Structures are given as structure tokens and as C-alpha cells.
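Shown next, in C-alpha cells, is the structure this report addresses.
The values are calculated or read from the model by the stated rules, or taken from the named source; none is laboratory data. What you see is a predicted model; the values in this text were computed from it and never measured. Don't worry about glycine lacking a Cβ; one is built from the backbone with ideal geometry, like all the others, and counts go over all protein chains shown. Remember, those area values only see protein heavy atoms, side chains included, never the ligands or the DNA or RNA. Shrake-Rupley method; radii C 1.70, N 1.55, O 1.52, S 1.80 Å.
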Amino acid sequence: MLLAFVIAYLLVTLLIGWWASRRVHSTQDFVIAGRNLPMFIAACALFATWFGSETIMGASSEFVENGLIGVVEDPFGAALCLVLVGAFFARPLYRLNILTFNDFFRLRFSRSAELISAIFMVPSYFGWIAAQLVAMAVILSTIVGVSIMEGIVICTLVVVIYTYIGGMWAVSITDFVQTLMIIAGLLLLAFNLGSKAGGFEAVLDSTPEGFFNFLPEPDFHSLVHYFAAWITIGLGSIPQQDVFQRVMAARSAKTAVSASYLSGFMYLTIAFIPLFIGLCGRILYPELEHSDAQLAIPRMVLDHAPVFLQIMFFGALLSAILSTTSGAILAPATVIGENLVKPFFSKLSDRQLLYTMRFSVIGVALASAVMAISRQDIYELVGESSALSLVSLFVPLAAGLYWKRASKVGALASILAGMAVWILCEWVVGTELPSLIYGALASVGGMLLGSWLWPDRSFAGFQEATAGL
């Protein structure tokens, strides 16, 4: 019965994509759903941006092993990102009526900044998408017994088909349906396991002393690692195209801001459910601690839960991962078409651009599938993808919006210096402190130094170019 449900669920997802494809008539429909999403659907889409494999499978295992401080990066950092987007970025970016973050870099700085930021943004998604493909493959392997490689191939095909035909309309509508499935499935499982474990208080009392400590040790090393955990997703995912597209798909700037706040609240509250489920599993089935941590909750459900709860849980898990993966594939595909292909073909029609983005969906998915096959640690893949955008794109985005002296040279220096230092620390030198800290500091230094030494009138030009928007 469980296998039949999984097959039916995937077929329904494809049908939703086919239905949504009838609303796609232009690149704006494909990329940002015609800027027509109501607040709650936009909030569900934003909530589903990252509520996937890392939150349910990765973060829950980190929580069980390391306590509350082990999940600062996700869900706390992810919720912080959504709140900051609503507070500082959604309104000014929405008013620009653009399709990608990189369009902002062109308007505010230069064509070179647009091109380089796009080149750096696209590969930052491969690790994130790969993590979701691995998670879906793990589910299929647990339920059906297929190999991880076969599972990755199957999941890639499903996500590509409905993202290719429906774009952001398909992503948003499935996000809405899948959010309801996520909440219902996780709540039912948490209630069932919590009752078996003796109730909410009994589960919390079973944890060791200091398990719920949320602050680090008062030493420099611990404080820096703690700060890095907050900003990896908290700041690093702000200049990400998947977040931007969901914000821009709202029907007004006010709706975009409200949806960002609501999604942040939803993320932080709902993300605690799989953490609680992980604790229940440790009490009820301690033998699972010696198995693959990423498989602990799925294996527990499959071995010990009734069929109805299995259906609800795996439905919720598939929902979370599918919604995250589809948006993550669409985002770099959009950037490839809009910022890497379109500028070099001045006579490219809107229809040709739409097909370029659709074919880019296939290319991004294939590249991510190759990475998923070669590397299968969910938490590690996700962390690396967020670090890339933090060290190269966050500083020029924030400075471009809120610092008038930010210049073209400053933006380029910020992007290149941040990425170069991060690569050097991450792959060549090796540092005791997180390499993203060094990369972020280099990015700030590049922006300050470049803007002070080579000032320009790019901010005045930006105001003139966007005066009528």
C-alpha cells in the first residue's frame, strides 16, 4: 500500500505541473508566476524553500546528537533569513520589477557585475539540489529497495518534468498543497510517537543535562563557530534566486513582505516537529542510533509505525523535498537564461528565452544528479551551497541597496575577493575557523576598498534607471 501511495503521489505531482503549464505564456509566468500569488500561497512557497531533507532528516539527526545548539544553522538561521528578507530586501527589490537578483547587479553596478554574479550563483545550487536528490533516493531505497543511484535518477526525472512544463506556477501550487501535507503528516507522527514515549514532558526530561543550551562556550573559537552557523543560511541564502523568485511572485510589495514574515514564523515552528520526532525515536528505538543518522527517522517509521502513519510521514517527507528541489532547479535555470544567455543575443524573443530556461532546467538537474551520485552527505552538501553565496553575493547586494558610495569596482572586488579567499581557505590552506568567515570578511574589505579608491556615480545612475519603476 505504501508503494502504491508513493507512485500515486508522484503522478499527482506531475498532473499539477501539467495543469500549471496552461498558465505559462511568457518568461514572467514561468519565472515568477506572473507576479500574481496571494499572500498565503506566497508564504507557503517561501516556507518550502528549504524545508526539505536537511530539516527533516539532517537537522533532526544533528539535534539528537548535539542538542539545540547543533541546529542553529537550520532551522534558526533559515527562519532568520526569511525574516530579514521581509524586513530589508523584499520591498525595494519587488519595486524594481526584475526577474533575477543578477538583474539588480546590472542596474545598480554594471553588466560585468551581472555576469560574474550569475557565474558564481549558478553552481551554488548544485550542492543544494544534490542533497534533495539524495534524500529522495534514500526514501525510495528505504521503501522500495532500489539503489541510491537508481533513486536519484527516478527523482531527477520526476522533478524535471513538472518544473520544466509548469515553472513557478507549478512550484507555487505544489508548494501550497505540499505544505498542508507536511504539517498534517509531521503532526500526526509526532503525536503518535510522543504518546508512546510517555508524553511531551517525558520526552524532554529524557535528554541529558545541557541538551537545550542555546549559547556557546564563552571562548573565541566557540563564538566564531556559533556566529558562522547563524549566518551560513541566515545571510548566505538572502542573495539566492529561489528566495527571490518566490518573493517576486507575490501580487504586491506588501504581500511579499507579509509572506516573508509569515513563512519565517512557519519555518521556525514547524521545523521543531521533526526535531521532537527524532527525540522520540531515540527513546523508543535506541538501536537506531547505531545506523545511518540520515536514515533514522524513515527507518523508524517504516519498522514501527502503522501503515496510515507511514503514508502520512512519507507523504510529508516527499512533499518537503519535492517542493525544495523544484524551486532550487528553477532558480539557476532562470539565471542562465536571463543573465548568461539573453545579454549575448539581442534578438532573442520571449518565447526563445522561455525555451532556453526550460532546457537549462534539464542541464542544472543533470549536473546536480552527478554531484548527488558522487557525494551523499545531505548536511554537508547543503552547508557548502549556502557558503558560496554568502562570501560572494551578500555584501554587494546589501551595499548596493543601502550604501550610496558602493561602486562598480567595489562590487566586483567584493565578489572576487570573497570567493577567492573562501576557496583558498576551504580547499588549499585549511583553517581552524570556518572558511566562510574569512571569505565574508574579504568580501566586505573588497567592497570598502574598491568603493573608496574607485568611486563612481553608479547609485545616481541606478536611481535614474529605476525612477519610473
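Numerical summary
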{"item": "Environment charge of PRO274, counting only residues whose C-beta is closer than 12 Å and scoring Lys/Arg +1, Asp/Glu -1", "result": "-3"}
{"item": "Sites excluded, GluC sites (Glu not before Pro) in DSSP loops with at most 15 other C-beta within 10 Å, longest stretch of the chain", "result": "210-431"}
{"item": "Accessible surface of the chain, 1.4 Å probe, proportion on carbon and sulfur as whole %", "result": "68"}
{"item": "Exposed-loop-free span, longest in the chain, where chymotrypsin sites (Phe, Trp or Tyr not before Pro) count as exposed if DSSP calls them loop and at most 16 other C-beta atoms lie within 10 Å", "result": "1-210"}
{"item": "Between the range 429-455 and the range 61-116, the Cα center-to-center distance that results, in Å", "result": "19"}
{"item": "Local net charge near TYR226, Cβ-Cβ under 12 Å (Lys/Arg +1, Asp/Glu -1)", "result": "-3"}
{"item": "The range 55-187: relative contact order as a whole-number percent, Cα under 8 Å and 6+ apart", "result": "9"}
{"item": "Probe 1.4 Å, accessible area per residue of the range 1-138, Å²", "result": "30"}
{"item": "Expected 222 nm ellipticity per residue - DSSP helices of 4 or more, -39500 (n - 2.57), all of the chain, to 500", "result": "-23000 deg cm²/dmol"}
{"item": "Note, ³J(HN,Hα) from phi for the range 12-18, Karplus 6.51, -1.76, 1.60, rounded to Hz, x at Gly and Pro", "result": "4, 4, 5, 5, 4, x, 5"}
{"item": "Per residue solvent-accessible surface (Å²) - the range 414-469, probe of 1.4 Å", "result": "56"}
{"item": "Residue-wise HN-Hα coupling along the range 399-410, computed from phi with Karplus coefficients 6.51, -1.76, 1.60 (Hz; x: Gly, Pro)", "result": "5, x, 7, 10, 10, 5, 7, 4, 10, 4, 5, x"}
{"item": "Relative contact order (percent, whole number), the range 323-469, Cα cutoff 8 Å, 6+ residue spacing", "result": "22"}
{"item": "Relative contact order (%) - the chain, alpha-carbon pairs under 8 angstrom, separation at least six", "result": "30"}
{"item": "Centroid-to-centroid separation of the range 311-379 and the range 179-233 [C-alpha atoms, Å]", "result": "31"}
{"item": "Cα shape, the range 1-133, gyration tensor, a/c 1.5 rule", "result": "oblate"}
{"item": "Residues of the range 168-212: accessible area per residue with a 1.4 Å probe, Å²", "result": "45"}
